[in-house]
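Okay, structure first, notes after.
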Amino acid sequence: RFNWIPGDSYGASDGKYRIRLTHAYPAQLVRIEADGYQVAISRDIMTDEGEIDIDFELHSAEGIVAMVLTAAGEPAANVKIALGVAGSQISIKQGEIDDGQTYATRLASDAEGRFSIPARTETFQLVITHPSGFAHLKSVNGPIPSRITLTPWARAEGTFRVGAKLAPNVVLSMFNEGISSYGNDVPNIFTGHDVTTGKDGRFVFERVFPGQGRIGRRILLMVSEGA
């Protein structure tokens, strides 16, 4: 298995690039993405090779261009998009792609809801989140459509009690199947929702993936408490 490190990426110009490999991994790879060309990936570069030259010959290829629409058919501006391949991680918290825990290619739609990605041969999954809804697409299911319509979020609400007594200020977590994915050959996708009950024990989970799920109290124990 391997993990791409989006934080190490940068834009190159004049057909030249230079990378200092600072991670002590047994082997590393370089990946080149450019509009209008097929994504290119280097051979395994061993950590002890020293300073080397690796050239790429890019091949022209039509990229993926799509428009994201809300369920009402309106352009969805500034949607969050994560493109995950095998070894990537996509974390979705409170119905939004989590910037701090997502290790995958990231992009966003423009004001008209459009986005584009370079062509690639490896299988991938797209996760899209927006206040009005979400989308989850897999390349193995066929070409990514030029118009992607978001699925509206679900919502769950209720009252939490301990026995017959209303329980305010209690942290609840929701776990549902949503769009979870895990394995060696697919991106790892995790979802999570946490809310705190109000003074009357009421709670509302917004931006929830439709489907079956479970709601439970989140109990945190410190080391001094037996954790």
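The values are calculated or read from the model by the stated rules, or taken from the named source; none is laboratory data. Given the structure is predicted, the values throughout are model-derived calculations rather than measurements. Virtual Cβ from ideal backbone geometry, glycine too; neighbours counted across all protein chains shown. All accessible areas refer to the heavy atoms of the entire protein, side chains included, with ligands and DNA or RNA removed. Shrake-Rupley method; radii C 1.70, N 1.55, O 1.52, S 1.80 Å.
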Point to revise | Failed criterion for residue 68 (all others in (1) β-branched (Val, Ile, Thr); (2) in contact (Cβ under 8 Å) with a residue 40 or more places away in the chain; (3) under 26 Å from residue 184 (Cβ atoms) hold) | key: (3)
Exercise for review: Would you be able to say whether some residue in the stretch 114-124 is touching a residue at least 24 places away in the same chain (Cβ under 8 Å), of a type in the set (Phe, Trp, Tyr), surrounded by 20 or more Cβ atoms within 10 Å (Cβ to Cβ) and in a loop (DSSP other than H, G, I, E, B)?
Suggested key: yes
Revision key, fill the gap. Reported set for the stretch 35-54 where residues are in contact (Cβ under 8 Å) with a residue 24 or more places away in the chain, within 21 Å of residue 105 (Cα to Cα), open to solvent by less than 60 Å² (accessible area, probe 1.4 Å) and not in a loop (DSSP other than H, G, I, E, B) is 38
Revision key, fill the gap. The residue from 32, 81 that alone is surrounded by 12 or more Cβ atoms within 10 Å (Cβ to Cβ), among the aliphatic types (A, V, I, L, M) and farther than 25 Å from residue 189 by Cβ is 32
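Looking only at the stretch 1-18, how many residues end up being closer than 25 Å to residue 99 by Cβ, in a loop (DSSP other than H, G, I, E, B) and open to solvent by 80 Å² or more (accessible area, probe 1.4 Å)?
Summing the residues that are closer than 25 Å to residue 99 by Cβ, in a loop (DSSP other than H, G, I, E, B) and open to solvent by 80 Å² or more (accessible area, probe 1.4 Å) in the stretch 1-18 gives 5.
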**Study point:** Residue among 91, 60 that alone is open to solvent by 80 Å² or more (accessible area, probe 1.4 Å) and polar (S, T, N, Q)
**Key:** 60
Revision key, fill the gap. Residues of the stretch 132-154 being without any contact (Cβ under 8 Å) to a residue 40 or more places away in the chain and part of a strand (DSSP E or B), in sequence order, are 137, 138
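Against the condition in a strand (DSSP E or B), within 24 Å of residue 88 (Cα to Cα) and within 15 Å of the chain's Cα centre (by Cα), how does residue 128 come out, does it pass?
Considered against the rule, which asks whether it is in a strand (DSSP E or B), within 24 Å of residue 88 (Cα to Cα) and within 15 Å of the chain's Cα centre (by Cα), residue 128 comes out as yes.
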**Study point:** Check on residue 144, of a type outside the set (Phe, Trp, Tyr) and either over 24 Å from residue 214 (Cα atoms) or surrounded by fewer than 20 Cβ atoms within 10 Å (Cβ to Cβ) (or both)
**Key:** yes
**Study point:** Candidates 225, 157 - the one that is out of contact with any Cys (no Cβ under 9 Å at 6 or more places or on another chain), exposed (fewer than 12 other Cβ atoms within 10 Å of the Cβ), more than 27 Å from residue 81 (Cα to Cα) and free of Cβ contacts under 8 Å to residues at least 12 places away in the same chain
**Key:** 225
**Study point:** residue 21 touching a strand residue (DSSP E or B) at 6+ places or on another chain (Cβ under 6 Å) and either open to solvent by less than 50 Å² (accessible area, probe 1.4 Å) or at pLDDT 90 or above (or both)
**Key:** no
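Taking the condition touching a residue at least 40 places away in the same chain (Cβ under 8 Å) and either in a loop (DSSP other than H, G, I, E, B) or more than 15 Å from the chain's Cα centre (by Cα) (or both), does residue 57 pass?
On the way: touching a residue at least 40 places away in the same chain (Cβ under 8 Å): no; either in a loop (DSSP other than H, G, I, E, B) or more than 15 Å from the chain's Cα centre (by Cα) (or both): yes.
No, not satisfied.
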Practice item. State which residue is surrounded by the fewest Cβ atoms within 10 Å (Cβ to Cβ) when the search covers only the stretch 169-185 and only residues that are in contact with a Phe, Trp or Tyr (Cβ under 9 Å, 6 or more places away or on another chain) and not hydroxyl-bearing (Ser, Thr, Tyr). Key: 177
Practice item. Return a yes/no flag: does the stretch 176-185 have any residue that is of a type in the set (S, T, N, Q), closer than 18 Å to residue 81 by Cα and touching a helix residue (DSSP H, G or I) at 6+ places or on another chain (Cβ under 7 Å). Key: no
Review point. Name the residues in the stretch 186-208 that are open to solvent by 20 Å² or more (accessible area, probe 1.4 Å), closer than 20 Å to residue 91 by Cβ and not in a strand (DSSP E or B), would you?
Key: 186
